[in-house]
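Taking it in order: structure first as C-alpha cells, then the write-up.
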Amino acid sequence: LFYEDAGHSDAVFRHLQEVYQELSLFEKYQLYWAVFLHDIGKSRGGDHSEIGVGLAKQIFARLGYEDNADAIYFLILNHLTMEQLAFRRNLKDEETIAEFARLVKNRRWLRMLYLLTYADMAAARKNVWTEWKGILLQELFAKADHYLKALAEPGASPVFDWEEIDYGSIKLSDTLQITFNDRSNFSEVLVVT
C-alpha cells in the first residue's frame, strides 16, 4: 500500500491505497504496531487476540511507549472480526452493519481495521486474499463508514441508503462462473466450475 504503482490494477486494492493515504502519520504508526503485534499471542494457547493485547501492554510498558495505545489494543483484539463478519454474515442486514459499527466506535479505527484485515490476509498465504473477498470487505467497510459518519452528526440517526456493490464487476476465469440473486431474506449464489 506504500507505493502508488504496486502492480495491482483491481479497484479494491486502489481503494485500500486511498484509505491508507487518508491516515495521519500517528495513525500509520499505530497501524504498524498492530500489524507487527496482532498475532503475537498465537503460540500461547487460548484466544490469541486476547493474549496478544496482554503481551502488547507488557511490551509497551517495557519500551516506555507512552502514546495512547487504545487503537492498537483494539486492532489486536479485533483483527479477525472484519473478515469473519464479511464472509459469514449478511451484509444487507442493517443490524449486522450497526452491530459492527458500534463495536468499531469511530471512523479512524474502522480505517485501520480495514487495512489490518487486508495486511493479515494478504500476508498469510498466496491465495488467501482474493478480489472476491476484497469486494466483501470493501462493502462492509463502506456501509459501516456510512453508518459511523451519520452517527457523528449531531442529532442524526443512521439511514441505510448505501449504494450496493456491483458484484458483476468481479473478474472470473473461463472455468468459473458466478451469479447473484438478491432476495428479500437471503442472497442466492450459484457457482459453476
Item to check | Top-ranked residue in the stretch 53-88 [being in contact with a Leu (Cβ under 9 Å, 6 or more places away or on another chain) and not hydrophobic (A, V, I, L, M, F, W, C); ranked as least open to solvent (accessible area, probe 1.4 Å)] | outcome: 79
Checklist entry - Looking at residue 142, is it under 20 Å from residue 49 (Cα atoms) and aliphatic (A, V, I, L, M)? => result no
Checklist entry - Is there a residue in the stretch 105-112 that is open to solvent by less than 90 Å² (accessible area, probe 1.4 Å), in a loop (DSSP other than H, G, I, E, B), polar (S, T, N, Q) and without any contact (Cβ under 8 Å) to a residue 24 or more places away in the chain? => result no
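This table checks each residue for (1) of a type in the set (Val, Ile, Thr); (2) exposed (fewer than 15 other Cβ atoms within 10 Å of the Cβ); (3) at pLDDT below 85; (4) closer than 18 Å to residue 88 by Cβ.
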position	(1), (2), (3), (4)
123	no, yes, no, no
134	no, no, no, yes
146	no, no, no, no
155	no, yes, yes, no
159	yes, yes, yes, no
164	no, yes, yes, no
Checklist entry - Of the residues that make up the stretch 93-101, is at least one touching a helix residue (DSSP H, G or I) at 6+ places or on another chain (Cβ under 6 Å), among the charged types (D, E, K, R), modelled with pLDDT of 85 or more and surrounded by 13 or more Cβ atoms within 10 Å (Cβ to Cβ)? => result no
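The values are calculated or read from the model by the stated rules, or taken from the named source; none is laboratory data. As the structure is a prediction and not an experimental result, all values here were calculated from the model. Every residue, glycine among them, receives a Cβ derived from its backbone with ideal geometry; neighbour counts consider all protein chains shown. Please note that ligands, DNA and RNA were not included when accessible areas were found on the heavy atoms of the full protein model with its side chains. Shrake-Rupley method; radii C 1.70, N 1.55, O 1.52, S 1.80 Å.
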